[in-house]
Structures are given as structure tokens and as C-alpha cells.
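Everything below concerns the one structure shown next.
The values are calculated or read from the model by the stated rules, or taken from the named source; none is laboratory data. As the structure is a prediction and not an experimental result, all values here were calculated from the model. Positions of Cβ are generated from backbone atoms using ideal geometry, with glycine treated the same way; all protein chains shown enter the neighbour counts.
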Amino acid sequence: MLLTLKKILQFVHFSTLKYRNIRRYCKNVKEDMEIPTNSLKEYYSANDQTNNGFIYDNKPFKFTCIAGKTYSWCLCGRSNKQPFCDGTHKNIHLKIKQKPIRFAVTETKDYWLCNCKQTSNRPFCDGTHLKESIQEKRK
Ligand code: FES
């Protein structure tokens with residue numbers, strides 16, 4: 001009986017901590033977050049891809065993007081240089097259909113780049129990673 005009660009308390013404590021961490025993280029994201037848009041979206045057909053890639057991580061990556069510079073964000077989720085493309089999608093043996101998303105920003109500052117690869121606002125995080133199905137996935 002005492003052992004069961006101890007286990008229940010441990011579980012509740014763990015769940016509370018986990019929830020707090022996610023909440024704190026989400027709060028930070030929202031404070032910084034004004035969802036930007038990709039200024040190159042209209043120029044590259046890769047932006048029209050309908051399939052999302054493999055869930056690489058369950059949280060976004062903060063990166064300082066420089067205005068006017070072009071970046072290639074990994075959509076397939078298999079790159080070893082996340083969140084950017086390293087050309088892994090070109091490996092014919094992996095049969096990856098997704099292509100990287102070229103993007104640029106108009107202002108030099110920190111941006112939250114999606115690492116779950118499920119965002120609707122590629123390559124920027126739009127909060128989709130907060131879905132329970134994505135939070136459950138761990139690398
Ligand atoms: S990491 Fe936030 S939507 Fe993908």
C-alpha cells in the first residue's frame with residue numbers, strides 16, 4: 001500500500017515537472033514569437049510540397065538569420081545539420097521525396113525554425129510541435 005502510494009506520488013511529481021517544462025518552454029516561444037514569413041515563398045516551387053518530413057525533434061531551434069542571406073531549411077528531417085539541409089535528401093537509396101525549403105528574412109534577428117517538420121509556415125515554427133502526437137515523439 002505504502003509502495004503504491006509512493007509510486008503514485010512519484011508519477012504525479014514527474015508529470016507536473018514535465019508539464020511545467022513544456023509550459024515554460026511554450027511561454028518563452030510565445031513571448032518571442034511573432035510568426036515571420038518566408039520572403040522567397042513565391043519564388044520556389046518546393047514551398048508547394050504537401051508532404052511533411054520525418055519528425056526530427058519536438059521543439060523548434062532558435063537561430064540568428066541574417067537579412068538578405070538565403071538559407072535551405074531541411075524538410076525531410078534526415079539532415080545531419082539540422083535545421084538546415086546537408087543534401088541527405090539526394091541519396092537515391094533513402095528514396096526521400098521532400099526537397100529543402102529556401103528562405104530568406106528581411107530583418108537580422110533570432111528566429112524559431114521548425115524542427116518537427118510539421119509546421120504550416122515553413123520554415124518557421126507555428127506551434128504545431130505542441131500537439132500531443134508530436135510531443136510524444138522523441139529522437
Ligand atoms: S517545431 Fe514548432 S511547428 Fe515544428
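Of the set (1) assigned to a loop (DSSP other than H, G, I, E, B); (2) more than 11 Å from the ligand (Cβ to nearest atom); (3) within 13 Å of Pro36 (Cα to Cα); (4) of a type outside the set (A, V, I, L, M), all apply to Tyr111 but (1). Looking across segment 124-136, the residues that are outside any helix (DSSP H, G or I), out of contact with any Lys or Arg (no Cβ under 9 Å at 6 or more places or on another chain) and surrounded by 15 or more Cβ atoms within 10 Å (Cβ to Cβ) come down to Phe124, Asp126. Annotation: Ile96 fulfils all but one of (1) farther than 19 Å from Glu34 by Cα; (2) among the β-branched types (Val, Ile, Thr); (3) within 14 Å of the ligand (Cβ to nearest atom); (4) touching a His at 6+ places or on another chain (Cβ under 9 Å); the unmet one is (3). The criterion of being within 16 Å of the ligand (Cβ to nearest atom), modelled with pLDDT under 95, in contact with a Pro (Cβ under 9 Å, 6 or more places away or on another chain) and assigned to a loop (DSSP other than H, G, I, E, B) holds for Asp57.
Here Leu75, Leu130 are screened, and the one residue that is of a type in the set (A, V, I, L, M, F, W, C) and touching a strand residue (DSSP E or B) at 6+ places or on another chain (Cβ under 9 Å) is Leu75. Taking residues in segment 38-55 that are within 22 Å of Thr106 (Cβ to Cβ), and partners anywhere that are surrounded by fewer than 16 Cβ atoms within 10 Å (Cβ to Cβ), the pairs with Cβ atoms closer than 6 Å and at least 6 places apart or on different chains are Ser39/Thr106.
Scanning segment 63-93 for residues that are within 16 Å of the ligand (Cβ to nearest atom), in contact (Cβ under 8 Å) with a residue 24 or more places away in the chain and outside any strand (DSSP E or B) yields Cys74, Leu75, Cys76, Gly77, Arg78, Gln82, Pro83.
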